[in-house]
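Notes follow once the structure below has been shown.
The values are calculated or read from the model by the stated rules, or taken from the named source; none is laboratory data. Just so we're clear, the structure is a prediction, and the values are computed from it rather than from any experiment. Counting neighbours? That spans all protein chains shown, and the Cβs are built from the backbone with ideal geometry, glycine included.
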Amino acid sequence: MRLHLARQLFCLAAAGLLVAGCAEPGPEVWRLTGPAQGTTYTVTVVDPPDGVFRDQLDEAIRQRLSDIDAALSTWQDDSDISRFNHAGADQWVDVSAMLARLVQRSLSLGETTDGSFDITLKPVLALWGFGPGAVPPENVPEVAAIDQAMSATGVSGLEVRLTPPGLRKSAAETQLELSGIAQGYSVDTLRDLLTDRGLERFLVELGGELYGQGHNPDGRAWQVGVEAPVAGRRDISQVVPLDGQGISTSGDYRDFFELDGQRFSHTIDPDTGRPVTHDLRSVTVLHDSTEMADGLATALLVMEPETGMAFAREHELAVLFIRGEEDAYTLVTTKAFDRLTEVKQ
């Protein structure tokens, strides 16, 4: 599962978060947290309105995340996605509307990014030692093994039905893995839960994916630190303000293994079935939808740096690219990124 590494910065030292200056005691602040999707979530609420009760909100968040796991988690054998992955070919598998819609949007994103976003890479990820229950290989996989795993990938044999919701595949070996978009989707789902209850000032974080709405306890946009791509350290390369935006960072510097001095990233190129080897260390995307920020960060990290930058500029995406090697990183931003970060400071 991908690890996204943006972190919030505001004055709540007791919460174990990074601190970017403290204000005098002010508005009421709730911090709701717990385990989810193999990681943790934190929902920070400022000035909750009358009629919203902490215990009820906490339970609603937990239930919503449980519903998402029941549909999307490859860690649960009885989830909708696991049932589909274990199903045979040429048969419709009834799934939740949630899963069907997310698969449909994932296929659309894959088409938009010319295949750089691919939700059928689960067999290849497992071969390289990534994903539920997988362990790093003792040796670099043989060409034949990669080719075999790749034969089970590709979206051409995948069908989505929205009414009634269902999925079908032409090859039994095809398996879905939505970790490149599911956490962003989960953050947006919690955002909608909060806004439906009249909350206007909050920060949602799950596995490093974040969405900020309104102002933090200091009365400013939520301050999020984008990490420098350095393994084993938590240095901040840039602070980004969030108000009405989601943010996702995808990088090659946390989830990887080394063999014979060479580092192999969890980011797999769908064209080759091998980890990407270019010098793009991380991609951070700001977007109205955290789901889209999540998926786009994955796709842009797969692309060659120049290709990804051209794609981001063509589509007017708010993106921060970090490339190069440690102590010699280059940060490149799009105009859309600069506009958003300047306006919401």
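Per-structure values
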item	result
Residue in the stretch 171-204 that is farthest from residue 157 (Cα to Cα), counting only those that are among the polar types (S, T, N, Q) and assigned to a helix (DSSP H, G or I)	195
Candidates 103, 43, filtered to the one that is over 16 Å from the mean Cα position of the chain (by Cα) and buried (at least 21 other Cβ atoms within 10 Å of the Cβ)	43
Restricting the stretch 307-330 to residues that are part of a strand (DSSP E or B) and over 21 Å from the mean Cα position of the chain (by Cα), the residue that is surrounded by the fewest Cβ atoms within 10 Å (Cβ to Cβ)	328
Matching residues, the stretch 32-48, being in a strand (DSSP E or B) and either farther than 16 Å from residue 193 by Cβ or in contact (Cβ under 8 Å) with a residue 40 or more places away in the chain (or both)	35, 36, 39, 40, 41, 42, 43, 44, 45, 46
Search result, residues across the stretch 154-170 that are outside any loop (DSSP other than H, G, I, E, B) and within 18 Å of residue 120 (Cβ to Cβ)	158, 159, 160, 161, 166, 167, 168, 169
Restricting the stretch 182-232 to residues that are in contact (Cβ under 8 Å) with a residue 12 or more places away in the chain, at positive phi and surrounded by fewer than 21 Cβ atoms within 10 Å (Cβ to Cβ), the residue that is farthest from the chain's Cα centre (by Cα)	219
Close pairs (6 angstrom Cβ cut-off, 6 or more residues apart or separate chains): under 19 Å from residue 184 (Cβ atoms) in the stretch 49-77, crowded, with 16+ Cβ neighbours inside 10 Å and acidic (Asp, Glu) anywhere	71/80
Residues of the stretch 130-173 classified as within 22 Å of residue 107 (Cα to Cα), of a type in the set (Val, Ile, Thr) and at pLDDT below 95, total	2
